[in-house]
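The values are calculated or read from the model by the stated rules, or taken from the named source; none is laboratory data. Being a predicted model, the structure only gives us computed values, none of them experimental. Here Cβ is always computed from backbone atoms with ideal geometry, including for glycine, and neighbour counts include all displayed protein chains. Heads up: the accessible areas ignore ligands, DNA and RNA and are worked out on the full protein's heavy atoms, side chains in. Shrake-Rupley method; radii C 1.70, N 1.55, O 1.52, S 1.80 Å.
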Amino acid sequence: MNIFSFAASHHDLGLDELEELSAASGALGETLVADPTLTEGVVVLATCNRFEVYVHAPASAGPAEVADLVARRVASATGLTPEGVRAALTARTGADAARHLLEVASGLDSMVVGEREIAGQVRRALGSARARDTTSPDLERLFGHASRVSRRVESATGLGAVGRSIVGVGLDLAGEHLGPWRLTRAVLIGTGSYAGASLAALRARGCHDVRVFSRSGRAPAFARARGVAAIEEGGLVDALADADLVVSCSGRIGTVLDAAAVRTARERATEQAEQLAHEPDPSVRPLVVLDLALQRDVEADVADVDGVLLFDLANVRAHAPAAGAEPVRRAHEIVDAAVAELDELAFARRVDLAALPRIRAAQADAAARLDEERAALAARGVGGAEERRAERAARRAVAAERHARIMAAKQASRAALTAAR
């Protein structure tokens, strides 16, 4: 496989820089496959803490050429310079690129090691590439293998099964400043995969008073499917005034929640508290805002509004718990074995391809031989049950000979390719 990866994550860059790169993710695959001399397929993986481009290139394409193409296309989509993009992205080739994807899909490269959302994000990245017609057979095999390996890692180590996730860490952080979860009123902004994961995590903690808002118009359908309430257009400020927690993960470009809206909501919350309270200066509960979007949903000035606590991915990263050394070591062993398996599968495909002319010749000779046997039976005037028995015997003999020739062709191809390795 002539596979390249160009990746940046929270390990390498600040979240602001990752956000700039991720602005290219929309149509990047289509712009890259428009050059068939350097790309046969592209999958773009953009999550809340990484931006990665996987390219299947023709055998004639060199690493420098492919890297230059990716840098120019990302720069064109983001306004960054090609030099800046090239410096931001770590380039990997062949087995190194495959290993990196397997580690990513298994949660070993995540902000929260062992997070479970990333496996779904890897599958959806491949699905998006299919929908845009930018994938290739080699990328399909690689990403499918990565998904299988992530399941092996979870099964063998339990890393993904213990609920470790960016959403979970964020909610744990927010929960330190809230009352009991069963009494918490939440507003969820977004309707994508992270919104679904956030809703599930809220319910697991006992929070069931959740309302959903989205500028996309998808909130009613999302809410109906999950048994929660949707916030109508224009109703966000009122919902915020009645909320204890906001979880925002819309994935939109541009802020969804600004300081003016939050300030107005806090003023309304104060008015409501005064109307309901017996004392002249009642305390107003704080509003905790958790922004899980890479391309920030919440304006930074929201943190300056009185009575508001704002947490974002930088806070999540700072509070992410360390995984145990033994599960991580075992997970890396599984990935190492899976990389070797991937190499062996690729080698087996090359063996089959090299043997294909002789395999086709064996199949053609077998078909011709069977026709001859049938003709001979017809010439002898054999019919009925005797003809059927004779044809079955001929089929078995021809099939055995064909199988022997095919296996010999594969063995010869494997020997030749092994010697050339």
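Structural remarks
- Residues that are in a strand (DSSP E or B) and in contact with a Cys (Cβ under 9 Å, 6 or more places away or on another chain), drawn from the range 288-302: Leu290, Asp291
- Criterion: farther than 30 Å from Ala393 by Cα, without any contact (Cβ under 8 Å) to a residue 12 or more places away in the chain and not hydrophobic (A, V, I, L, M, F, W, C) - qualifying residue of Glu344, Glu372: Glu344
- Scanning the range 199-210 for residues that are in contact with a strand residue (DSSP E or B) (Cβ under 7 Å, 6 or more places away or on another chain) and either touching a residue at least 40 places away in the same chain (Cβ under 8 Å) or surrounded by fewer than 22 Cβ atoms within 10 Å (Cβ to Cβ) (or both) yields Leu202, Asp209.
- Among (1) in contact with a helix residue (DSSP H, G or I) (Cβ under 6 Å, 6 or more places away or on another chain); (2) open to solvent by less than 50 Å² (accessible area, probe 1.4 Å) - the single one Gly383 does not satisfy: (1)
- Residue in the range 1-36 that is surrounded by the fewest Cβ atoms within 10 Å (Cβ to Cβ), counting only those that are in a strand (DSSP E or B) and touching a Leu at 6+ places or on another chain (Cβ under 9 Å): Ser9
- Residue check: Ala273 meets all listed conditions (1) in a helix (DSSP H, G or I); (2) modelled with pLDDT of 85 or more; (3) open to solvent by less than 50 Å² (accessible area, probe 1.4 Å) but one, namely (2).
- Identity of the residue in the range 174-185, within 19 Å of Val316 (Cα to Cα) and not in a loop (DSSP other than H, G, I, E, B), that ends up nearest to the chain's Cα centre (by Cα): Ala174
- Check on Thr39, surrounded by 21 or more Cβ atoms within 10 Å (Cβ to Cβ), in contact (Cβ under 8 Å) with a residue 24 or more places away in the chain and hydroxyl-bearing (Ser, Thr, Tyr): yes
- Residues of the range 172-195 that are surrounded by fewer than 19 Cβ atoms within 10 Å (Cβ to Cβ) and closer than 30 Å to Thr39 by Cβ: Gly192, Ser193.
- Test: residue in the range 350-366 that is open to solvent by less than 50 Å² (accessible area, probe 1.4 Å), under 15 Å from Leu142 (Cα atoms), part of a helix (DSSP H, G or I) and among the β-branched types (Val, Ile, Thr): no
- Close pairs (7 angstrom Cβ cut-off, 6 or more residues apart or separate chains): within 12 Å of Val351 (Cα to Cα) in the range 402-421, open to solvent by 90 Å² or more (accessible area, probe 1.4 Å) and in a helix (DSSP H, G or I) anywhere: Ala409/Arg358; Leu417/Arg350
- Condition check for Ala265: at pLDDT 90 or above and part of a helix (DSSP H, G or I): yes
- Options Arg124, Arg151, Arg141; residue that is touching a residue at least 60 places away in the same chain (Cβ under 8 Å), under 17 Å from the mean Cα position of the chain (by Cα), open to solvent by 40 Å² or more (accessible area, probe 1.4 Å) and over 15 Å from Gly41 (Cα atoms): Arg124
- Only one of the numbered conditions (1) outside any helix (DSSP H, G or I); (2) at pLDDT 85 or above is violated by Glu401, and that is (1).
- For the range 227-253, a residue qualifies if it is free of Cβ contacts under 8 Å to residues at least 40 places away in the same chain and either within 24 Å of the chain's Cα centre (by Cα) or not in a loop (DSSP other than H, G, I, E, B) (or both), and the qualifying residues are Ala229, Ala230, Val237, Asp238, Ala241.
For (1) open to solvent by 50 Å² or more (accessible area, probe 1.4 Å); (2) assigned to a loop (DSSP other than H, G, I, E, B); (3) touching a His at 6+ places or on another chain (Cβ under 9 Å), each residue gets a yes or a no:
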{"residue": "Leu159", "(1), (2), (3)": "no, yes, no"}
{"residue": "Val167", "(1), (2), (3)": "no, no, no"}
{"residue": "Gly170", "(1), (2), (3)": "no, no, yes"}
{"residue": "Ala197", "(1), (2), (3)": "no, no, no"}
{"residue": "Ala225", "(1), (2), (3)": "yes, no, no"}
